[in-house]
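To keep things clear, I will list the structure first and then write my remarks on it.
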Amino acid sequence: MLQQQQAECPVDTAHSGYAQLAADVLAMAKRAGATAADIVVADGDTFSVQVRVGAVDRLTKAREKRLGLRLFAGHRSATTSTSDFSRASLEHLVAETYALAKAVVEDPVSGLPDPSQMAPDRPDLDLHDETTLDAESQIDWAKRGEAAALTADPRITNSEGAEFDSSSGRVVLANSHGFIGEYRSSSFSLSVSPIATEPETGAMQRDAWYEVQRKFHKLSSAESIGREAARRTLRRLGARKTTTQRVPVVFDQETAGSLLSNLCSAVSGYGLYKRASFLLDQLGHTIASDLITVFDDGRMAGGLGSRPFDGEGLATRKNTIVERGVLKSYLLDTYSGKKLGLASTGNASRSVGESPSVGPTNFYLVPGTKSSEDIIGTVKSGLYVTELIGFGINMVTGDYSRGACGFWIENGELTYPVEEITIAGNLKQMFKDIELVGSDLVFRGRIASPTVKVAEMMVAGN
């Protein structure tokens, strides 16, 4: 009976004990015959509330903990996960994972990074906020944001809702090289999505605005976010089509961020070694205007993508991806780097229960000196894009075609909203044709860009 009680006794899973938990599981893996292993332990609290027309429409609150295990049997590997931290469950997980690893096809490139590459430091990047909000406070934030939008103008007649989300958690990563590291992080966000109606025609438009911050006190007021959402929605009333023509195109912050996301995908190691990127074999080549400098900075204090080490335990860093138009680096983890004959850039991204892949940290276009108004002012006749629709992008060729909404520019001024149009070009040329870069860089995610102006694109309408 005593032996059975010991077998079922849970491993210490208090926050201070996650390091010991990881060490215990790695020891189990070694005893099972694994040649190498790594483990991710994550726990945290999440809260999400959506209100619609003043009433709570959806509310979720959860506390979760999960453990992800990757075991190697030579050059074979398998990855599993569990939320049951009892010793018996973990021993079963190890045995099952090792059996799976032995059954898969051998991959000579697989394996942990070299021990010498493990992150030597654990800088505090100011990623966690100790602020705790009760449910009523978070519901109130969502209600206030939506109410500010609904009362901003009589033409705001309805709402698709407002959503407040918060999270706080911890990640521990350890491997059989002896590496162990952990960090805590948090986030707070509010989004508001109002609907406006044109009184004369009854035509409706929707838009939204949002903000995300690591620290609660840095979040703009609910009212200001709601009012901005209303402003963006109202300005779309009276939208019309335009004729098909080739004109300059100005991308606002959000849509320029989408362009930068396309670049991020094109420099990802996995797309490159599969020969599925238009930037294959372009290191050292000019791929963009000399106004374009792009960094990926995993050590940015308070950054939404910052972390002291990547999903394999390598130190994150500030990588220069593009420098004055010249491609300087890809984004790589250990596996994709080996496939390409290059070293990891510290960009291994990891979900619990998944093998590492490549992901950005804080991937951004260095801002210029022009305001968005100054950039619009340089356009005699053209398009200002505020929303992109669909995903008509061929990452192998760079061919680009997407639905768009925005505003027509005449003589340097926004004149009327436009919709039901398509913009088309090729990303290889579009990046080279960027004529101006704005000064309005703001991070609302891991990928961010200021306003940019592309010299000319095809705009298809009537």
Cα centroid separation - region 407-462 against region 258-295, whole Å:
19
Calculated from backbone phi, Karplus (6.51, -1.76, 1.60) coupling profile of region 154-168 in Hz, x at Gly/Pro:
x, 6, 7, 10, 7, 8, 8, x, 10, 10, 10, 10, 9, 8, 8
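Could you work out [θ]222 nm for the chain from helices alone, using -39500 (n - 2.57) per DSSP H run of at least four and dividing by all its residues? Round to the nearest 500 deg cm²/dmol.
Details: 10 runs with 106 residues, N = 462.
Helix contribution divided over all residues of the chain: -7000 deg cm²/dmol.
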Relative contact order as a percentage, the chain, C-alpha pairs under 8 Å and 6+ apart, gives 15
Viscosity 0.890 mPa s, temperature 25 °C: what is the translational diffusion coefficient of region 265-361 from Stokes-Einstein with a Kirkwood Rh over Cα pairs, rounded to a whole number of µm²/s?
181
Sorting Asp129, Asp121 on solvent-accessible surface, 1.4 Å probe, most exposed first, gives Asp121, Asp129
Estimated D of region 2-228 in µm² per second, where Rh is the Kirkwood radius over Cα pairs and Stokes-Einstein applies at 37 °C, 0.692 mPa s
158
With all protein chains in place and a 1.4 Å probe, His217 shows an accessible area in Å² (nearest 10) of 140
To the nearest 20 Debye, how big is the dipole of region 2-228 about its Cα centre, given +1 on the beta carbon of each Lys and Arg and -1 on that of each Asp and Glu?
560
Taking only Cα atoms of the chain, what ratio of Rg to Rh do you get with Rh as the Kirkwood inverse-distance radius?
1.02
Mind checking the dipole of the chain: about its Cα centre, +1 per Lys or Arg Cβ, -1 per Asp or Glu Cβ, Debye to the nearest 20?
760
How much accessible surface area, in Å² rounded to 10, belongs to the heavy atoms of Thr415 with a 1.4 Å probe?
70
Expected vector for region 293-307, Karplus 3J(HN,Hα) from phi with 6.51, -1.76, 1.60 and θ = phi - 60°, integer Hz, x for Gly and Pro, equals 10, 10, 10, 10, 10, x, 10, 5, 4, x, x, 5, x, 6, 6
Using protein chains only and a probe of 1.4 angstrom, how many square angstrom of Ser187 are accessible, to the nearest 10?
30
Quote the FRET efficiency, to the nearest 0.05, computed for Gln20 versus Ala276 with a Förster distance R0 of 41 Å and r equal to the Cβ-Cβ distance.
0.45
As a percent rounded to 5, the proportion of antiparallel DSSP bridges among beta bridges in the chain is 95
With every protein chain kept in the model, how would you rank Leu342, Leu67 by accessible area, 1.4 Å probe, largest at the top?
Leu342, Leu67
Expressed in nanometres to one decimal, the distance between label points 7 Å along Cα→Cβ at Glu323 and Thr197 is 5.8
By accessible area of protein heavy atoms, probe 1.4 Å, what ranking do Lys61, Lys338 get, highest first?
Lys61, Lys338
Can you compute 3J(HN,Hα) from phi for each residue in region 326-340, using the Karplus curve 6.51 cos²θ - 1.76 cosθ + 1.60 with θ = phi - 60°, rounded to whole Hz and x for Gly and Pro?
9, 6, 9, 7, 8, 9, 9, 9, 5, 5, 5, x, 4, 4, 9
Any chance you could check the Cα centroid distance between region 360-402 and region 128-160 for me, in angstrom?
30
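The values are calculated or read from the model by the stated rules, or taken from the named source; none is laboratory data. Here the structure is a predicted model, which is why all the values come from computation and not from measurement. Ideal geometry is used to build each Cβ from the backbone, glycine not excepted, and the neighbour counts take in all protein chains shown. These area figures cover heavy atoms from the full protein model, side chains too; ligands, DNA and RNA do not enter into them. Shrake-Rupley method; radii C 1.70, N 1.55, O 1.52, S 1.80 Å.
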